[in-house]
Amino acid sequence: MNRRTCLLFWFLSALGVLSGKGIIRDAGASASLWDGFENRPTPPERIAVRMEDCQATRPGVVKSLFEALAGAPKENLVKRGVVEVEGKKYPVYLPKAKPYTVRNTAKKDHIFENTSTRLAVDQKGDGKLTEADNWFANLPVRLGDCMYDVVEIAADGSRLVLQPSKSPLCGVIVGRSCPPFSFKTADGKTISRDGLAGKPFLLDIWSVT
C-alpha cells in the first residue's frame with residue numbers, strides 16, 4: 001500500500017461504510033458505475049484545462065494546537081476550471097501561489113513539507129470543499145475512478161495540464177470505488193478488499209502518531 005493510500009484511508013471511518021463491492025457510501029452517496037480498480041475505465045489522453053478567476057475557499061492546513069481546537073483557517077482559492085471524465089464534470093481550483101509548481105523539493109510528501117501546489121477537486125460538484133478534496137500537484141490526482149498526473153500549471157494559473165497516470169487507484173471519495181488494500185492482522189491473517197468481496201464491512205484505520 002503506497003503512502004497516499006495509507007494517508008487517505010485514515011479518513012474512512014468519517015466518510016462512511018464500504019460495501020462488499022468496494023463502494024464507499026454515506027447516507028446521500030450514489031452508487032458507483034464501476035465495481036473496482038480492475039474495471040475502471042482507461043482515461044482519455046492529455047487534458048488542458050482553462051483556469052479562470054474565481055472567489056472560493058477551502059479548509060486550510062492546521063499548523064497549531066489552537067487551530068486544531070478552533071477549526072482550520074480558511075484558504076482562498078483564486079482560479080477555477082472544469083475537467084470532464086466519464087461524462088461527469090469536476091471543478092478544479094487553485095490557490096493564490098507564487099510560483100505554481102508541480103514539483104516537491106522537500107524530502108517527503110507530508111502535508112507539512114510538500115512544496116508543490118495544493119489544488120482542490122470538487123468531487124461531488126456541490127461547491128463544498130473539504131480536506132479530503134485537496135491534492136498535491138506532484139502526486140497523482142483522482143477524478144472519478146481515474147488517476148491523472150499534473151503535468152503543468154501555467155505561471156499565472158491560467159492553465160492546468162493533466163495526463164493519464166499509471167498510478168493504481170487511490171484516494172477516498174464517497175460514492176466511488178474503494179482503492180485496493182491488503183494488510184496483515186496481529187495474528188498473521190491477511191485482510192484485503194478482494195477477500196471481503198460480497199460482505200459489507202467498515203474499515204477503521206487510526207494512528208497514535
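The values are calculated or read from the model by the stated rules, or taken from the named source; none is laboratory data. Just so it is clear, the structure is predicted and the values come from calculations on it, not from any experiment. Every residue, glycine as well, gets a Cβ built from its backbone with ideal geometry; the counts of neighbours run over all protein chains shown.
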>> For the structure I just gave you, tell me whether S116 is more than 21 Å from V62 (Cα to Cα) and of a type outside the set (F, W, Y).
In response: no
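Could you tell me whether any residue of the stretch 73-85 is in a loop (DSSP other than H, G, I, E, B) and either of a type in the set (V, I, T) or touching a residue at least 40 places away in the same chain (Cβ under 8 Å) (or both)? Explain how you work it out, then say what you get.
First, the residues of the stretch 73-85 that are in a loop (DSSP other than H, G, I, E, B): 73.
Those still in the list that are either of a type in the set (V, I, T) or touching a residue at least 40 places away in the same chain (Cβ under 8 Å) (or both) too: none.
Checking the stretch 73-85: not a single residue is in a loop (DSSP other than H, G, I, E, B) and either of a type in the set (V, I, T) or touching a residue at least 40 places away in the same chain (Cβ under 8 Å) (or both).
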> In the stretch 119-153, what count of residues is obtained for those that are in a strand (DSSP E or B) and among the basic types (K, R)?
Replying inline: 1
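Against the condition outside the structural domain of G81 (by TED's automatic domain parsing), part of a loop (DSSP other than H, G, I, E, B), more than 18 Å from the chain's Cα centre (by Cα) and among the charged types (D, E, K, R), how does D156 come out, does it pass? Working first, answer last.
Details: outside the structural domain of G81 (by TED's automatic domain parsing): no; part of a loop (DSSP other than H, G, I, E, B): yes; more than 18 Å from the chain's Cα centre (by Cα): yes; among the charged types (D, E, K, R): yes.
No; evaluated as a whole, the condition is false for this residue.
To keep it simple, each residue is scored yes or no on (1) within 17 Å of the chain's Cα centre (by Cα); (2) closer than 15 Å to I173 by Cβ; (3) at pLDDT below 50.
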site: N2; (1), (2), (3): yes, no, yes
site: F11; (1), (2), (3): yes, yes, yes
site: K63; (1), (2), (3): no, no, no
site: V82; (1), (2), (3): yes, no, no
> Which residues, taken from the stretch 148-183, are farther than 25 Å from L77 by Cα and of a type in the set (A, V, I, L, M, F, W, C)?
Replying inline: L169, C178, F181, F183
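Given D126, D133, which one is closer than 20 Å to C54 by Cβ and out of contact with any strand residue (DSSP E or B) (no Cβ under 9 Å at 6 or more places or on another chain)?
Details: D133 fails: out of contact with any strand residue (DSSP E or B) (no Cβ under 9 Å at 6 or more places or on another chain).
One residue alone meets the criteria, D126.
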